[in-house]
Amino acid sequence: MDEQTRLMHSHTGVGMAGHPGLPPHMQEGTGGPDGDGRKQDIGDILQQIMTITDQSLDEAQARKHALNCHRMKPALFNVLCEIKEKTVLSIRGAQEEEPPDPQLMRLDNMLLAEGVSGPEKGGGSAAAAAAAAASGGVGADNSTEHSDYRAKLTQIRQIYHTELEKYEQACNEFTTHVMNLLREQSRTRPISPKEIERMVNIIHRKFSSIQMQLKQSTCEAVMILRSRFLDARRKRRNFNKQATEILNEYFYSHLSNPYPSEEAKEELAKKCAITVAQVSNWFGNKRIRYKKNIGKFQEEANMYAARTAVNAANASSHGSQANSPSTPNSSAGDL
DNA sequence: CATCATGATTCTTT
DNA sequence: AAAGAATCATGATG
């Protein structure tokens, strides 16, 4: 490896010939193979940097002060301003404003929709619950499953916000640092406020590209979480036997018109300890499956018909029997 | 472990 | 908006 020669090669005078308003490291295309007139060893520069001491810094400070106080300084500064005035016009054509990145907007929208990037509310879980309910739409029944989801979502949001804050802070720090630097330099070379502004824009763009990575990974995390939990809303649990009995009873006793009204659904939901939506699901499934294969359900139909008949008989004969909800082991309980 | 039952979701129809 | 139809994914079962 001849890194040394390569480095030597890449350092030429052109590095200083770039944009006057930008520090060299922010420009593209500086350096590169070039005429090797001087071939100044970059190692020398590094050496100089490494050997900077407080003393030499003080020295430099003093020299700067001396320069600033030089009697020719204002005149020189004016000349520089003039030159700058001429050159800056040709530079102005650079990309001023960029259109908002569609991908970034997509990510932002999604994070907002998931309740991640929204305003952090005190409760946290409440916000997450609202978000989950809004996105899930149907759910909101057994919160035992959702609480885990909410907890994880809150966790993700916390990480996201702390990271975002860190970036924000770093960005601000860096920006003020650079601005101070530029202001300091503006005493010896002309720097227009517009240039400083553009510099700030560049910094912000760099940092926002970092932020986008954060948003991207946050989005991925949320997606994974969703697929694991919210999609686990279809982690189906069979209704208990009693509930299916109640539902079947209603279904077969209203076989000619198995469409319970809203009130009836509520009643059934209450009796079965399930939601109205679940009752609707059940009837939807039952109707279509019954219709599809009546023969398969014939036995079941007969059974429930017989039972309701018996129940009716009991109710009528014994008069005021409030309710016999379970009738655990009656005629058709098992084969 | 293959298969069916079943609750939930999604899309289409009414 | 509600029902129908197709489909998905899991639970139960043998």
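Once the C-beta distance of A:Lys270 and A:Ile202 is scaled by a Förster radius of 56 Å, the resulting FRET efficiency is 0.30 to the nearest 0.05.
Given a Förster radius of 22 Å and the C-beta distance between A:Glu163 and A:Met223 as r, what FRET efficiency does 1/(1 + (r/R0)^6) yield to the nearest 0.05? Working shown, then result.
Numbers: r = 18 Å, r/R0 = 0.81.
That gives a FRET efficiency of 0.80.
Full extension of the segment from A:Asp58 to A:Ala151, taken as 0.36 nm per residue of separation minus the current Cα-Cα distance, would add 28.0 nm.
Taking the number of Cβ atoms within 10 Å of each Cβ as an exposure proxy, the fewest-first ranking of A:Leu268, A:Leu112, A:Leu182 is A:Leu112, A:Leu182, A:Leu268. Once the Cα-Cα distance is subtracted from the 0.36 nm per residue extended length, the A:Leu181 to A:Ile83 segment shows a gain of 33.1 nm. Note on the range A:171-295: Kirkwood hydrodynamic radius from all Cα pairs is 20.5 Å, rounded to one decimal.
Test of understanding: ordering A:Lys270, A:Lys286 by Cβ neighbours within 10 Å, fewest first, what list do you get?
A:Lys270, A:Lys286
Cross-link partners of A:Lys296 among lysines, defined as those whose alpha carbon lies under 24 angstrom from its own and excluding same-chain residues fewer than eight positions apart: A:Lys241, A:Lys286. Computing FRET efficiency as 1/(1 + (r/R0)^6) for A:Leu104 and A:Arg189, where r is the C-beta to C-beta distance and R0 is 45 Å, gives about 0.80. Here A:Lys215 is the anchor, and the lysines within straight C-alpha reach of less than 28 Å, apart from those fewer than 8 places off in the same chain, are A:Lys121, A:Lys152, A:Lys166, A:Lys206.
Taking the Cβ of each residue in A:Arg183, A:Arg198 as the centre, tally the other Cβ atoms inside 10 Å and list the residues starting with the fewest. Show your work: numbers first, answer last.
Values: A:Arg183 11, A:Arg198 17.
Placing the least packed residue first, the sequence is A:Arg183, A:Arg198.
Since every read-out is calculated from the coordinates, none of them should be taken as a lab result. Predicted model, so just to flag it, every value in this text is computed and none were measured. Every residue, glycine as well, gets a Cβ built from its backbone with ideal geometry; the counts of neighbours run over all protein chains shown.
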